[in-house]
Each structure stands twice: as structure tokens, then as C-alpha cells.
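The values are calculated or read from the model by the stated rules, or taken from the named source; none is laboratory data. None of these values were measured; they are calculated from a predicted model. Cβ: placed from backbone, ideal geometry, glycine included. Neighbour counts: every protein chain shown.
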Amino acid sequence: MALDRFGRPLRSLRLSVTDRCNLRCRYCMPEVNYQWLPRPNLLTFEELALVASSFLPLGVTRIRLTGGEPLLRQDLDQLIRMLADLPGVDDLALTTNGVLLADQAQALRDAGLHRVTVSLDTLQAERYQALSRVDGLTKTLAGIRAAQEAGFRRIKLDMVVLAGTNEDEILDMLAFAAENDCEARFIEYMDVGGATRWQPKEVYSRDQILASIREAHGEVHQVEEGEADSPGIAAPARRYRTASGQLFGIIASTTQPFCGDCDRSRVTADGHWFDCLYASKGVDLRQLVRSEDCLVSLEEVLRGHWQARDARGAEKRLELGKRGPQFDLDTLLSDPRLEMHTKGG
Ligand code: SAM
Ligand code: SF4
């Protein structure tokens, strides 16, 4: 196991399998043109599995595939099969916008994927299109149904709440989650790389989300993790329960950062390792993986870097006081790994 300078373990690894996406969510990819990672630089499935396995001795037990849109990566079920076979992986999950999920859910399940999180910001077709520039709601809803039919349970539905855009759907999303045996999670709009249109007035905070829910449902209680009736994995959300017993989560990285508990890191599809979502520099693992003595050095490099880690990016953003987008467009074009859709959300 490895601990960083603040005593934080490394438990959770997010593997981005592509920087491409079939949506253009305006809080993530608001621009018209993007600088894509060169194809030959993308790690193969064998290389991704090798990287993942090198993290296990450091203490990683949870792996999440993300992107970009991970279901755009061809034959993803083959990678899942390879990762599911790794010893010590307790939790193998996927975050998707769900558009391609209906066709792939059964294959993903059969390959050994444990859990699915679907990003769903609205239940209104026109609003979905306005938010993502694609008419995709029907497909995403079909994807959720197909995932359930394939055997995935307690699917998490992640909704980025934007003030003035979709905060009026918080209660609808809770109701939808209850009707469909899913867990709603409300995410504050973050000023991460890629969010070039971020502005404070569009953040709908955890306190506001809770107030909206209390107004309709009465008192809401925070749930302590490990409680017998709090199933599954909550991190990085805090979980709450309504008076009628419905569980939901809130990820308040913008107004209530949780850096002190952060046990995660991210690898881009071209093998750059970031120890914080807000980090502006990663470690080039691809170079190591493609070198001859990689097996010796990979684990050593990971351990050394993690032990030196003092990242607390979200807290530092909060300390700034006056906030705006983390990077300007020119910076993102010159280093696309700073984009949320490349780093892996
Ligand atoms: N394409 C997949 C999806 O949308 O689920 C996976 C990648 S996406 C980058 C992962 C998550 O990051 C999504 O739930 C998305 O809503 C979230 N995200 C992207 N930009 C964000 C931002 N500026 N603030 C908060 N969440 C954001
Ligand atoms: Fe939307 Fe996910 Fe694509 Fe970003 S990566 S534009 S959040 S679907």
C-alpha cells in the first residue's frame, strides 16, 4: 500500500479509454473544435491492463472506465474481461452518457462489469438536446432500461445541476430514480479544465439542492457510510436519505471540496497519470509501458509519485475566492490532456 504526504491511500483508479465523445455537454465540451489525442498514442487494451495491474500493489481496489465516452471504444467488453480477471479488483465500474448502452449492456455485464453510472442531466428531450447538442434522451433512457435487463442493479444517475438551466428538475430526477430503482446523484458544476464557460452564478450548490429537496420532502438526513441500510459505494458523494427513505447523493466539489478524503487518480487514454482532477501536469506512463524495462520501473514510479503527492486542487480553487474557468482555450488546445473529457471525469 502507498500513502501520500497527507496520509491518503490510493484506492480508486479512473481509466479513460478514449478522449472522443458523441455528445457536447456544455459544461464539459462547449467549444466547436478540439485537439484530439493522436490515435497511435492511445494505449492498447493490453497496455491499459498492464497499467491497471501496476496500480494494484499500491492499494487500488476500485477501477472505473470513463472518457470521453467510453462506449465509443471498440470492443470495450474485451478490456473489461481483462480487468475483471485481475486479482484484488473489488469494484469494476463504468461511467457513460448511456447513448450507446442499450446495444452493449449485456456484453459488458457478461464480461464482468460490476456497476454502471449513467450521466443524465434532464428528463426533457429538448433540454437534453440544448445541453448536449444531440437529440439523445430516448437512447439514454433505453440504455438505462437495457442495463437493468442485463442485471445491473442500483444504477447511479449523475445529474450536473446548472442554476437557471435544470435545477427545476431535481425533484423529477429523484422521482425518476425512485420509480426505476436507481440512485440519483446531484453534482455541482465544477470549474475544471474544459469548462471554459464556467461562471459562479451557474453553480447550484449542495445547500441549494438540499433546500429544494427539503421543501418538497421534509427533513433530509445525512447517511453515515457503513450504515447497514446504505448499500454500495458512495464516494465521492455524500449520501442523504429523505423522510420516506430514499437515498440520494450530492457531489459538492465546488463549494465543499473533499480533498482530505481523496483516494483517486486518473490515467488518460494515452497513458498520462494525473493525481488530481485539477492537476496541470501528469506523469507519462506510456513512455514507460512502451520501454523495455517497464515492469521493473512502472510500480516504482507510481509509488514514488504517490508518496510525494500533496494535491488538494479543489480546496485550492475554493481558496481563490474569485473564480473563473481553470484554463483558457489556447492552453487547452496546446495541452488537450487538461480537458475533463481527456483526463477522465
Ligand atoms: N462521457 C461519460 C459521461 O458523461 O458519463 C464519461 C465522461 S464525463 C467527463 C464524466 C462525468 O463528468 C459526467 O458525469 C459529467 O457530467 C461530469 N462532468 C463533466 N464536466 C463537468 C463539470 N464541469 N462539472 C461537473 N461535472 C462535470
Ligand atoms: Fe458530456 Fe461525458 Fe461527453 Fe463530457 S465526456 S461531453 S460529460 S458525455
Revision key, fill the gap. So, first residue more than 20 Å from Asp328 (Cβ to Cβ) in region 268-288, second residue surrounded by fewer than 22 Cβ atoms within 10 Å (Cβ to Cβ) and polar (S, T, N, Q), Cβ within less than 9 Å, six or more apart or across chains; the pairs are Ala269/Asn41; Asp270/Asn41; Gly271/Asn41; Gly271/Gln287; Arg286/Asn41; Leu288/Ser297
Revision key, fill the gap. All conditions in (1) within 15 Å of ligand 1 (Cβ to nearest atom); (2) at pLDDT 95 or above; (3) more than 30 Å from Val220 (Cβ to Cβ); (4) in contact with a helix residue (DSSP H, G or I) (Cβ under 8 Å, 6 or more places away or on another chain) are true of Lys343 except (2)
Revision key, fill the gap. Cβ pairs under 6 Å, 6+ apart or interchain, first in region 24-45 and closer than 28 Å to Arg197 by Cβ, second outside any loop (DSSP other than H, G, I, E, B) and more than 16 Å from ligand 2 (Cβ to nearest atom), ordered by first then second residue, are Gln35/Leu333
Study note, to complete from the structure: Being within 16 Å of Ser53 (Cα to Cα) and either out of contact with any Cys (no Cβ under 8 Å at 6 or more places or on another chain) or not aromatic (Phe, Trp, Tyr) (or both) narrows Glu292, Glu300 down to just Glu300
**Study point:** Qualifying residues in region 192-221 (those that are in contact with a Phe, Trp or Tyr (Cβ under 6 Å, 6 or more places away or on another chain) and modelled with pLDDT of 95 or more) - the one surrounded by the most Cβ atoms within 10 Å (Cβ to Cβ)
**Key:** Ala195
Review point. Is region 15-35 home to any residue that is of a type in the set (A, V, I, L, M, F, W, C), over 23 Å from Cys276 (Cα atoms) and either part of a strand (DSSP E or B) or within 16 Å of ligand 1 (Cβ to nearest atom) (or both)?
Key: yes
Practice item. Output the number of the condition that Asn166 fails; it satisfies all remaining conditions of (1) surrounded by 21 or more Cβ atoms within 10 Å (Cβ to Cβ); (2) under 13 Å from Thr117 (Cβ atoms). Key: (2)
Check your understanding: In the list Thr331, Thr254, which residue meets the criterion of being under 27 Å from Asn22 (Cβ atoms), free of Cβ contacts under 8 Å to residues at least 40 places away in the same chain and hydroxyl-bearing (Ser, Thr, Tyr)?
Key -> Thr331
Review point. Is it true that some residue in region 150-158 is more than 18 Å from the chain's Cα centre (by Cα), modelled with pLDDT of 95 or more, in a helix (DSSP H, G or I) and over 30 Å from Leu298 (Cα atoms)?
Key: no
Study note, to complete from the structure: Considering region 175-199, residues that are aromatic (Phe, Trp, Tyr) and more than 14 Å from the chain's Cα centre (by Cα), and then whichever is farthest from ligand 2 (Cβ to nearest atom), we arrive at Phe176
**Study point:** Only listed residue being more than 10 Å from ligand 1 (Cβ to nearest atom) and touching a Leu at 6+ places or on another chain (Cβ under 7 Å), chosen from Phe55, Phe6
**Key:** Phe55
Study note, to complete from the structure: Over region 256-273, the set of residues hydrophobic (A, V, I, L, M, F, W, C), surrounded by fewer than 24 Cβ atoms within 10 Å (Cβ to Cβ) and modelled with pLDDT of 95 or more is Trp273
